[in-house]
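The values are calculated or read from the model by the stated rules, or taken from the named source; none is laboratory data. Predicted model only: the values in this text are computed from it and were never measured. Heads up, the Cβs are rebuilt from the backbone with ideal geometry, glycines too, and the neighbour counts pull from every protein chain shown. Remember, those area values only see protein heavy atoms, side chains included, never the ligands or the DNA or RNA. Shrake-Rupley method; radii C 1.70, N 1.55, O 1.52, S 1.80 Å.
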Amino acid sequence: MTELYQPETLAIRAGSVRSQFGEHSEAMFLTSSFVFESAAQAAARFIGEEPGNIYARFTNPTVSMFEDRLAAMEGAEQCVATASGMSAILACVMGLLQAGDHIVASQSLFGSTVNLFNNVIKKFGVDTSFVSASNVAEWQAAVRPNTKLFFLETPSNPLTEISDIAAISAIAKGCGALLAVDNCFCTPILQRPLALGADIVIHSATKYLDGQGRVLGGAVLGNRANMAGVYGFLRTAGPTMSAFNAWVFLKGMETLKIRMDAHSASALALAGWLEAQPSVARVFYPGLASHPQHELAMRQQTSGGGIVAFEVKGGKAAAWRVIDETKMLSITANLGDSRTTICHSASTTHARISPEARAAAGISDGLIRIGVGLEALVDIQNDLARGLNY
Ligand SMILES: *Cc1c(COP(=O)(O)O)cnc(C)c1O
(Lines give C-alpha, C1' and ligand atoms only; values in the text may rest on other atoms or scores of the structure.)
Protein backbone atom coordinates (compact mmCIF):
# COMPACT_ATOMS: atom_id res chain seq x y z
CA MET A 1 0.00 0.00 0.00
CA THR A 2 2.90 2.34 0.83
CA GLU A 3 4.06 2.74 -2.76
CA LEU A 4 0.64 3.21 -4.30
CA TYR A 5 -1.04 5.92 -2.25
CA GLN A 6 -0.43 9.52 -1.24
CA PRO A 7 0.33 10.34 2.45
CA GLU A 8 -3.16 11.73 3.15
CA THR A 9 -4.70 8.52 1.80
CA LEU A 10 -2.39 6.36 3.92
CA ALA A 11 -3.34 8.45 6.98
CA ILE A 12 -6.97 7.43 6.42
CA ARG A 13 -6.73 3.93 4.94
CA ALA A 14 -3.42 2.26 5.82
CA GLY A 15 -3.39 -0.43 8.51
CA SER A 16 -7.18 -0.65 8.77
CA VAL A 17 -8.42 -4.21 9.31
CA ARG A 18 -12.11 -5.14 9.59
CA SER A 19 -13.42 -7.68 12.05
CA GLN A 20 -16.07 -10.29 11.17
CA PHE A 21 -18.77 -7.67 11.84
CA GLY A 22 -17.86 -5.44 8.90
CA GLU A 23 -17.57 -2.17 10.84
CA HIS A 24 -16.50 0.85 8.73
CA SER A 25 -14.59 2.76 11.43
CA GLU A 26 -11.79 0.80 13.13
CA ALA A 27 -12.93 -1.28 16.11
CA MET A 28 -11.54 -0.72 19.58
CA PHE A 29 -10.53 -4.04 21.15
CA LEU A 30 -10.64 -3.46 24.90
CA THR A 31 -9.41 -6.81 26.11
CA SER A 32 -6.32 -7.67 28.11
CA SER A 33 -5.94 -11.19 26.74
CA PHE A 34 -7.02 -13.44 23.85
CA VAL A 35 -8.34 -17.02 23.94
CA PHE A 36 -7.09 -19.94 21.87
CA GLU A 37 -8.92 -22.79 20.16
CA SER A 38 -6.72 -25.42 21.74
CA ALA A 39 -3.63 -26.05 23.83
CA ALA A 40 -1.69 -26.61 20.62
CA GLN A 41 -2.75 -23.22 19.23
CA ALA A 42 -1.78 -21.50 22.48
CA ALA A 43 1.64 -23.13 22.27
CA ALA A 44 2.08 -22.16 18.60
CA ARG A 45 1.18 -18.53 19.36
CA PHE A 46 3.52 -18.29 22.33
CA ILE A 47 6.56 -19.58 20.46
CA GLY A 48 5.73 -17.43 17.42
CA GLU A 49 4.97 -20.31 15.04
CA GLU A 50 1.47 -18.95 14.42
CA PRO A 51 0.84 -15.21 14.06
CA GLY A 52 -1.97 -13.78 16.18
CA ASN A 53 -2.87 -12.06 19.40
CA ILE A 54 -1.84 -13.31 22.84
CA TYR A 55 -1.90 -10.65 25.51
CA ALA A 56 -2.37 -6.88 25.21
CA ARG A 57 0.99 -5.96 26.72
CA PHE A 58 2.45 -6.86 23.32
CA THR A 59 -0.41 -7.68 20.92
CA ASN A 60 -3.72 -5.87 20.33
CA PRO A 61 -5.53 -5.46 17.00
CA THR A 62 -6.35 -1.75 17.49
CA VAL A 63 -2.76 -0.97 18.45
CA SER A 64 -1.54 -2.99 15.44
CA MET A 65 -3.73 -0.90 13.12
CA PHE A 66 -2.13 2.27 14.50
CA GLU A 67 1.35 0.77 14.10
CA ASP A 68 0.74 -0.35 10.53
CA ARG A 69 -0.75 3.02 9.54
CA LEU A 70 2.16 5.04 10.95
CA ALA A 71 4.70 2.59 9.45
CA ALA A 72 3.14 3.06 6.00
CA MET A 73 3.26 6.85 6.38
CA GLU A 74 6.91 6.91 7.51
CA GLY A 75 7.95 4.28 4.95
CA ALA A 76 9.15 1.98 7.77
CA GLU A 77 9.17 -1.82 7.80
CA GLN A 78 7.84 -1.89 11.35
CA CYS A 79 6.42 0.36 14.06
CA VAL A 80 6.33 -0.36 17.80
CA ALA A 81 3.69 1.72 19.63
CA THR A 82 4.37 2.84 23.21
CA ALA A 83 2.55 4.48 26.11
CA SER A 84 4.12 7.91 25.55
CA GLY A 85 6.80 9.67 23.54
CA MET A 86 9.24 9.31 26.43
CA SER A 87 8.66 5.56 26.67
CA ALA A 88 9.33 5.36 22.90
CA ILE A 89 12.76 6.92 23.47
CA LEU A 90 13.37 4.64 26.48
CA ALA A 91 12.35 1.54 24.47
CA CYS A 92 14.64 2.62 21.61
CA VAL A 93 17.66 2.96 23.91
CA MET A 94 16.93 -0.13 26.04
CA GLY A 95 16.17 -2.24 22.99
CA LEU A 96 19.23 -1.28 20.95
CA LEU A 97 22.04 -0.33 23.35
CA GLN A 98 23.91 -1.94 26.21
CA ALA A 99 26.26 -0.86 29.00
CA GLY A 100 29.45 0.62 27.57
CA ASP A 101 27.75 2.09 24.49
CA HIS A 102 27.86 5.81 23.70
CA ILE A 103 25.25 8.23 22.29
CA VAL A 104 25.91 11.43 20.35
CA ALA A 105 22.87 13.68 20.74
CA SER A 106 21.77 17.14 19.72
CA GLN A 107 21.96 19.62 22.60
CA SER A 108 18.62 21.06 21.42
CA LEU A 109 16.41 18.19 22.57
CA PHE A 110 13.10 17.98 24.44
CA GLY A 111 13.95 18.53 28.14
CA SER A 112 12.83 15.11 29.35
CA THR A 113 14.95 13.45 26.65
CA VAL A 114 18.02 15.25 28.01
CA ASN A 115 17.07 14.10 31.55
CA LEU A 116 16.57 10.53 30.34
CA PHE A 117 20.02 10.44 28.73
CA ASN A 118 21.82 12.28 31.57
CA ASN A 119 20.10 10.85 34.64
CA VAL A 120 18.54 7.48 33.72
CA ILE A 121 20.42 5.84 30.85
CA LYS A 122 23.74 6.98 32.31
CA LYS A 123 23.11 4.93 35.47
CA PHE A 124 23.16 1.82 33.26
CA GLY A 125 26.51 2.64 31.71
CA VAL A 126 25.51 4.46 28.53
CA ASP A 127 27.12 7.91 28.21
CA THR A 128 25.87 10.74 26.01
CA SER A 129 27.83 13.58 24.35
CA PHE A 130 25.76 16.62 23.39
CA VAL A 131 26.62 18.58 20.23
CA SER A 132 25.20 21.43 18.18
CA ALA A 133 22.04 20.46 16.25
CA SER A 134 23.18 22.32 13.15
CA ASN A 135 26.99 22.06 13.15
CA VAL A 136 27.66 18.77 11.31
CA ALA A 137 31.40 18.83 12.11
CA GLU A 138 30.64 18.55 15.86
CA TRP A 139 28.82 15.25 15.26
CA GLN A 140 31.88 13.79 13.55
CA ALA A 141 34.22 15.10 16.27
CA ALA A 142 32.12 13.55 19.08
CA VAL A 143 32.31 10.00 17.68
CA ARG A 144 34.05 7.43 19.91
CA PRO A 145 34.90 3.79 19.14
CA ASN A 146 31.83 2.75 21.18
CA THR A 147 29.35 5.22 19.62
CA LYS A 148 26.20 3.26 18.72
CA LEU A 149 23.43 5.87 18.43
CA PHE A 150 22.98 9.41 17.06
CA PHE A 151 19.85 11.17 18.32
CA LEU A 152 18.28 14.45 17.10
CA GLU A 153 15.07 16.46 16.70
CA THR A 154 14.52 18.76 13.73
CA PRO A 155 13.27 21.49 13.83
CA SER A 156 14.46 21.95 17.40
CA ASN A 157 12.42 23.33 20.27
CA PRO A 158 12.02 26.29 20.77
CA LEU A 159 14.43 27.96 18.30
CA THR A 160 13.52 25.82 15.24
CA GLU A 161 17.15 24.98 14.50
CA ILE A 162 17.44 22.51 11.59
CA SER A 163 19.66 19.41 11.61
CA ASP A 164 20.85 18.13 8.23
CA ILE A 165 19.51 14.56 8.39
CA ALA A 166 21.32 13.30 5.26
CA ALA A 167 24.72 14.72 6.30
CA ILE A 168 24.47 13.46 9.90
CA SER A 169 23.24 10.07 8.65
CA ALA A 170 26.37 9.78 6.48
CA ILE A 171 28.55 10.33 9.57
CA ALA A 172 26.54 7.76 11.55
CA LYS A 173 26.89 5.20 8.76
CA GLY A 174 30.61 5.89 8.59
CA CYS A 175 31.07 4.87 12.24
CA GLY A 176 28.51 2.07 12.33
CA ALA A 177 26.02 3.95 14.52
CA LEU A 178 22.26 4.23 14.04
CA LEU A 179 20.62 7.63 13.52
CA ALA A 180 17.33 8.18 15.39
CA VAL A 181 15.20 11.24 14.54
CA ASP A 182 12.40 12.47 16.81
CA ASN A 183 9.89 13.52 14.12
CA CYS A 184 7.27 14.86 16.53
CA PHE A 185 7.23 18.47 15.22
CA CYS A 186 6.88 17.54 11.53
CA THR A 187 4.99 14.21 11.43
CA PRO A 188 5.43 12.13 8.23
CA ILE A 189 3.21 14.64 6.42
CA LEU A 190 6.01 17.26 6.48
CA GLN A 191 9.17 15.17 6.80
CA ARG A 192 10.12 11.51 6.32
CA PRO A 193 13.49 10.99 8.05
CA LEU A 194 13.97 7.38 6.85
CA ALA A 195 13.93 8.53 3.23
CA LEU A 196 16.65 11.07 4.15
CA GLY A 197 18.93 8.39 5.63
CA ALA A 198 17.78 8.01 9.25
CA ASP A 199 17.53 4.47 10.66
CA ILE A 200 14.93 5.09 13.35
CA VAL A 201 12.03 7.50 13.75
CA ILE A 202 10.59 8.42 17.15
CA HIS A 203 7.17 9.96 17.75
CA SER A 204 5.35 11.56 20.60
CA ALA A 205 1.89 10.75 19.19
CA THR A 206 0.58 12.92 22.04
CA LYS A 207 1.16 15.98 19.87
CA TYR A 208 0.05 16.25 16.24
CA LEU A 209 -0.93 12.61 15.60
CA ASP A 210 -3.79 13.06 18.06
CA GLY A 211 -3.94 16.78 17.36
CA GLN A 212 -6.54 17.59 19.99
CA GLY A 213 -4.63 17.15 23.24
CA ARG A 214 -6.54 14.11 24.50
CA VAL A 215 -4.23 11.14 25.10
CA LEU A 216 -0.57 10.14 25.49
CA GLY A 217 1.24 7.81 23.13
CA GLY A 218 4.48 7.24 21.26
CA ALA A 219 6.10 5.11 18.58
CA VAL A 220 9.47 3.79 17.42
CA LEU A 221 9.87 2.93 13.72
CA GLY A 222 12.60 1.31 11.64
CA ASN A 223 13.62 -1.91 9.94
CA ARG A 224 12.60 -5.34 11.28
CA ALA A 225 16.05 -6.16 12.67
CA ASN A 226 16.21 -3.00 14.81
CA MET A 227 12.56 -3.17 15.82
CA ALA A 228 13.02 -6.76 17.08
CA GLY A 229 15.12 -5.35 19.94
CA VAL A 230 12.67 -2.53 20.66
CA TYR A 231 9.66 -4.89 20.56
CA GLY A 232 11.49 -7.35 22.81
CA PHE A 233 11.92 -4.61 25.44
CA LEU A 234 8.26 -3.58 25.14
CA ARG A 235 7.03 -7.18 25.47
CA THR A 236 9.09 -7.73 28.61
CA ALA A 237 8.94 -4.33 30.31
CA GLY A 238 5.42 -3.24 29.26
CA PRO A 239 5.37 0.50 28.39
CA THR A 240 2.51 -0.36 26.05
CA MET A 241 0.04 1.86 24.19
CA SER A 242 -3.55 1.22 25.30
CA ALA A 243 -6.15 0.14 22.74
CA PHE A 244 -8.25 3.18 23.59
CA ASN A 245 -5.37 5.57 22.91
CA ALA A 246 -4.51 3.75 19.66
CA TRP A 247 -8.11 4.20 18.53
CA VAL A 248 -7.99 7.95 19.34
CA PHE A 249 -4.76 8.23 17.28
CA LEU A 250 -6.31 6.32 14.35
CA LYS A 251 -9.15 8.83 14.28
CA GLY A 252 -6.77 11.78 14.72
CA MET A 253 -4.49 10.67 11.90
CA GLU A 254 -7.35 10.70 9.39
CA THR A 255 -7.23 14.51 9.47
CA LEU A 256 -3.45 14.83 9.87
CA LYS A 257 -2.73 16.14 6.37
CA ILE A 258 -5.33 18.91 6.39
CA ARG A 259 -4.42 19.84 9.95
CA MET A 260 -0.66 20.00 9.28
CA ASP A 261 -1.27 22.08 6.15
CA ALA A 262 -3.46 24.47 8.16
CA HIS A 263 -1.01 24.66 11.12
CA SER A 264 1.82 25.44 8.66
CA ALA A 265 -0.11 28.02 6.65
CA SER A 266 -1.21 29.90 9.79
CA ALA A 267 2.26 29.66 11.35
CA LEU A 268 3.90 31.10 8.22
CA ALA A 269 1.41 33.98 8.11
CA LEU A 270 1.78 34.61 11.86
CA ALA A 271 5.60 34.53 11.63
CA GLY A 272 5.51 37.12 8.82
CA TRP A 273 3.10 39.29 10.82
CA LEU A 274 5.29 39.04 13.94
CA GLU A 275 8.36 40.09 11.94
CA ALA A 276 6.53 43.32 11.09
CA GLN A 277 5.70 44.19 14.73
CA PRO A 278 7.89 47.01 16.14
CA SER A 279 8.05 45.36 19.59
CA VAL A 280 9.38 42.07 18.16
CA ALA A 281 13.19 41.79 17.91
CA ARG A 282 13.43 38.48 16.07
CA VAL A 283 11.30 35.63 14.74
CA PHE A 284 12.39 31.98 14.46
CA TYR A 285 10.44 30.00 11.86
CA PRO A 286 11.92 27.63 9.22
CA GLY A 287 9.37 28.72 6.61
CA LEU A 288 10.61 32.34 6.68
CA ALA A 289 13.28 33.43 4.17
CA SER A 290 15.03 35.13 7.14
CA HIS A 291 15.63 31.76 8.87
CA PRO A 292 19.38 31.02 8.58
CA GLN A 293 18.67 27.45 7.42
CA HIS A 294 15.58 28.18 5.35
CA GLU A 295 16.91 26.35 2.26
CA LEU A 296 17.88 23.21 4.16
CA ALA A 297 14.51 23.24 5.95
CA MET A 298 12.64 23.46 2.66
CA ARG A 299 14.71 20.57 1.23
CA GLN A 300 13.84 18.30 4.17
CA GLN A 301 10.32 19.48 4.93
CA THR A 302 7.32 20.15 2.71
CA SER A 303 6.47 23.21 4.86
CA GLY A 304 7.60 25.02 8.01
CA GLY A 305 5.30 23.33 10.54
CA GLY A 306 3.24 24.80 13.37
CA ILE A 307 5.86 26.05 15.85
CA VAL A 308 6.93 29.71 15.87
CA ALA A 309 9.27 31.34 18.39
CA PHE A 310 9.91 35.06 18.72
CA GLU A 311 11.84 37.43 20.91
CA VAL A 312 10.16 40.57 22.23
CA LYS A 313 12.09 43.70 23.10
CA GLY A 314 12.13 44.31 26.86
CA GLY A 315 13.10 40.88 28.18
CA LYS A 316 11.10 38.79 30.61
CA ALA A 317 8.71 41.54 31.75
CA ALA A 318 7.66 42.29 28.18
CA ALA A 319 7.35 38.58 27.31
CA TRP A 320 5.23 37.83 30.37
CA ARG A 321 3.01 40.84 29.53
CA VAL A 322 2.35 39.48 26.02
CA ILE A 323 1.38 36.13 27.57
CA ASP A 324 -0.75 37.63 30.36
CA GLU A 325 -2.60 39.98 27.99
CA THR A 326 -3.91 37.05 25.92
CA LYS A 327 -7.53 36.03 26.52
CA MET A 328 -7.90 33.12 24.10
CA LEU A 329 -4.48 31.45 23.75
CA SER A 330 -3.75 28.55 26.14
CA ILE A 331 -0.82 29.26 28.46
CA THR A 332 0.78 25.82 28.44
CA ALA A 333 4.01 24.16 27.37
CA ASN A 334 2.11 21.61 25.27
CA LEU A 335 1.88 21.85 21.49
CA GLY A 336 0.37 20.07 18.48
CA ASP A 337 -3.18 20.95 19.46
CA SER A 338 -6.10 22.53 17.61
CA ARG A 339 -5.86 25.25 20.29
CA THR A 340 -3.00 27.72 19.99
CA THR A 341 -0.57 27.42 22.91
CA ILE A 342 1.87 30.00 24.24
CA CYS A 343 4.75 29.69 26.70
CA HIS A 344 7.79 31.53 28.02
CA SER A 345 10.59 29.02 27.45
CA ALA A 346 13.17 30.49 29.88
CA SER A 347 10.87 30.21 32.93
CA THR A 348 9.06 26.95 32.00
CA THR A 349 10.52 24.28 29.69
CA HIS A 350 14.09 25.56 30.16
CA ALA A 351 13.80 26.84 33.76
CA ARG A 352 15.88 24.03 35.27
CA ILE A 353 19.04 24.88 33.34
CA SER A 354 21.38 27.68 34.46
CA PRO A 355 21.02 31.21 33.03
CA GLU A 356 24.49 30.79 31.45
CA ALA A 357 23.50 27.53 29.73
CA ARG A 358 20.25 29.12 28.56
CA ALA A 359 22.14 32.06 27.10
CA ALA A 360 24.56 29.68 25.36
CA ALA A 361 21.58 27.84 23.86
CA GLY A 362 20.18 31.17 22.59
CA ILE A 363 17.08 31.08 24.80
CA SER A 364 16.75 34.68 25.90
CA ASP A 365 14.38 36.05 28.55
CA GLY A 366 12.30 37.73 25.85
CA LEU A 367 11.64 34.49 23.97
CA ILE A 368 8.07 33.24 23.51
CA ARG A 369 7.08 29.99 21.81
CA ILE A 370 3.75 29.55 20.06
CA GLY A 371 2.22 26.26 18.96
CA VAL A 372 -0.04 27.65 16.26
CA GLY A 373 -3.49 26.06 16.39
CA LEU A 374 -6.44 25.95 14.04
CA GLU A 375 -8.36 29.05 15.20
CA ALA A 376 -8.79 31.95 12.74
CA LEU A 377 -5.43 33.66 12.20
CA VAL A 378 -6.93 37.09 12.85
CA ASP A 379 -8.12 36.00 16.30
CA ILE A 380 -4.65 34.69 17.19
CA GLN A 381 -3.08 37.95 15.96
CA ASN A 382 -5.55 40.11 17.90
CA ASP A 383 -4.89 38.12 21.07
CA LEU A 384 -1.14 38.73 20.73
CA ALA A 385 -1.43 42.35 19.56
CA ARG A 386 -2.80 43.50 22.94
CA GLY A 387 0.44 42.70 24.76
CA LEU A 388 2.72 43.55 21.84
CA ASN A 389 1.26 47.06 21.48
CA TYR A 390 1.01 47.66 25.25
C1 LIG B 1 6.37 15.93 23.97
C2 LIG B 1 7.60 15.48 23.32
C3 LIG B 1 8.21 14.27 23.69
C4 LIG B 1 7.68 13.40 24.82
O5 LIG B 1 6.43 12.87 24.52
P6 LIG B 1 5.37 12.44 25.64
O7 LIG B 1 4.28 11.82 24.82
O8 LIG B 1 4.97 13.66 26.39
O9 LIG B 1 6.05 11.45 26.52
C10 LIG B 1 9.34 13.88 23.01
N11 LIG B 1 9.87 14.64 22.02
C12 LIG B 1 9.31 15.80 21.65
C13 LIG B 1 9.95 16.60 20.56
C14 LIG B 1 8.17 16.27 22.28
O15 LIG B 1 7.64 17.45 21.92
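Points worth noting:
- Residues that are open to solvent by less than 20 Å² (accessible area, probe 1.4 Å) and within 11 Å of the ligand (Cβ to nearest atom), drawn from the range 183-199: ASN183, CYS184, CYS186
- Meets criteria (within 21 Å of the chain's Cα centre (by Cα), more than 14 Å from the ligand (Cβ to nearest atom) and surrounded by 18 or more Cβ atoms within 10 Å (Cβ to Cβ)) for LEU116: no
- Hey, ILE89 within 15 Å of the ligand (Cβ to nearest atom) and open to solvent by less than 10 Å² (accessible area, probe 1.4 Å) or not: yes
- Restricting attention to the range 342-351, the residues that are away from the ligand (no atom under 16 Å from the Cβ) and either part of a loop (DSSP other than H, G, I, E, B) or open to solvent by 50 Å² or more (accessible area, probe 1.4 Å) (or both) total 1.
- Options GLY272, GLY287, GLY305: the member that is under 27 Å from the mean Cα position of the chain (by Cα) and within 16 Å of the ligand (Cβ to nearest atom): GLY305
- The range 200-210: number of residues that are more than 10 Å from the ligand (Cβ to nearest atom) and in contact with an Asp or Glu (Cβ under 7 Å, 6 or more places away or on another chain): 1
- Every residue from the range 92-109 that is modelled with pLDDT under 95 and either surrounded by 20 or more Cβ atoms within 10 Å (Cβ to Cβ) or away from the ligand (no atom under 16 Å from the Cβ) (or both): SER108, LEU109
- The range 245-277, residues that are assigned to a loop (DSSP other than H, G, I, E, B) and either without any contact (Cβ under 8 Å) to a residue 12 or more places away in the chain or among the aliphatic types (A, V, I, L, M) (or both): ALA276
- Which numbered condition VAL63 fails, given (1) of a type in the set (A, V, I, L, M, F, W, C); (2) without any contact (Cβ under 8 Å) to a residue 12 or more places away in the chain; (3) surrounded by 13 or more Cβ atoms within 10 Å (Cβ to Cβ); (4) closer than 20 Å to VAL230 by Cα: (2)
- Unmet criterion (only one of (1) closer than 30 Å to LYS313 by Cα; (2) open to solvent by 50 Å² or more (accessible area, probe 1.4 Å); (3) in contact with a Lys or Arg (Cβ under 9 Å, 6 or more places away or on another chain); (4) not acidic (Asp, Glu)) for ARG235: (1)
- Residue within the range 323-341 that is more than 20 Å from GLN212 (Cβ to Cβ), in a helix (DSSP H, G or I) and not assigned by TED's automatic domain parsing to the domain that holds VAL114 present: yes
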